[in-house]
1. Just for the Cα atoms in the stretch 68-169, what are the lengths along the principal axes, largest first, rounded to whole Å?
2. Please arrange Ile196, Ile66 by accessible surface area, largest first, computed with a 1.4 Å probe and ligands excluded.
3. Just subtract the alpha-carbon distance of Arg110 and His190 from 0.36 nm times their residue separation and send over the number in nm, one decimal.
4. Please give the solvent-accessible surface of Val144 in Å², to the nearest 10, using a probe radius of 1.4 Å with every protein chain present.
5. Using r as the Cβ-Cβ distance of Arg94 and Lys226, and R0 as 22 Å, what FRET efficiency do you calculate, to the nearest 0.05?
6. Sticking with the crude label model, points 7 Å out along Cα→Cβ, report the distance from Asn29 to Glu254 in nm, one decimal please.
7. I want to make sure I understand the PRE zone here: with the label point 7 angstrom from the Cα of Glu310 toward its beta carbon, which residues in the stretch 268-287 have backbone N atoms less than 11 Å away?
8. With the crude spin-label approximation of a point 7 Å out along Cα→Cβ, what separation in nm comes out for Ala269 versus Thr124?
Amino acid sequence: MKKLLLTCALLALAIPAFAKSDALSLIPNDAVTVGVVHLADMRSSPLSSTLFQQTDKVSTNGDAEIFLREAGLQPTRDIDVLMVATSPRTALGRDAEVLIAADGRFNVDRLTKALVARGATRRTSAHGDYFLLPIEDRDRNGVVAFPDSHLALVGTQSAVVEALGARAAGGTSFTTASGLGRDLVRIDPHATAWAIVDVARAQRLADGPHVSNHTASGAALNSALKTMTTIALWATDSGDSLKLGAFGLSRDPETLELVEDTLRGALAAMRLAVQDKEPDLVSLLRKFSVARSDDAVTISGTVPASTFREYAGKQAR
């Protein structure tokens, strides 16, 4: 499963830009996790574009570099939006179907030739052809489809075939028929990147999302978030700052109070951890706010452009 996810992610980065009108219309109705990144917005921003500058300095591995060259792709230039969704393979099973949707500008002929040269085989479905990737785990076949020169689909075989069918039908009804989809209105509509998770269902999946528990505060936060029904987080690049936000939903007042206390404790622990080596971060963390309502706990804060650039530079060294 991990090999499949890695393969899908690498292929998604090798697929040129995609328009959100197609990509976001194909989120599966039964998705338990959804993540979206508006890379075109990041490229045009003087703030987020620093990430692309740092990424361009990192050399890729030999096989991937040759593939990109043969396919005529430049990921940091060609990708506009990235949508990744996971759905349960069966109602109570641990296996996940994975779908990555890409919509934009790319040469289907060069891409398919590069894939076939590496062992991919063409298959046919009721709503279009796709290419079966040469992956060792035959029970979890990864595939790629190019419905037209503006859309690419990567993922598990069932997920991609279903997406081809959904596209032919005009898209899915995730935003209106799914409880997870209806909670999207709580996310900043201008978010540059966002993710939303159905906690209960996602926990059943192998390799499901989780908060790092390498620290005491991380372990406490991870434990608290497991009690929520839905969690989401987002980042909005305004050009001169990066606005961060997240929420957790629950109908239980005690759960909400517990998560609120845990978040406040995690922020306090972070301030203590950085006060000696990076004292400037203490005042920044103090500006993050935690709030609780009848059905949600939210946290939000803003990172100035200067701080963002400084730490992006440090990570690239």
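The values are calculated or read from the model by the stated rules, or taken from the named source; none is laboratory data. None of these values were measured; they are calculated from a predicted model. Heads up, the Cβs are rebuilt from the backbone with ideal geometry, glycines too, and the neighbour counts pull from every protein chain shown. Accessible surface is based on the protein model in full, side chains and every heavy atom, while ligands, DNA and RNA are left aside. Shrake-Rupley method; radii C 1.70, N 1.55, O 1.52, S 1.80 Å.
1. 42, 27, 27
2. Values: Ile196 0, Ile66 65 Å².
Most to least solvent-accessible, the answer reads Ile66, Ile196.
3. On the way: separation 80, 0.36 × 80 = 28.80 nm, distance 3.43 nm.
Here the segment from Arg110 to His190 would lengthen by 25.4 nm.
4. We get 0 Å² for Val144.
5. Working: r = 16 Å, r/R0 = 0.74.
In this case the efficiency is close to 0.85.
6. Label at Asn29, label at Glu254, 3.7 nm between them.
7. 278-284
8. 5.8
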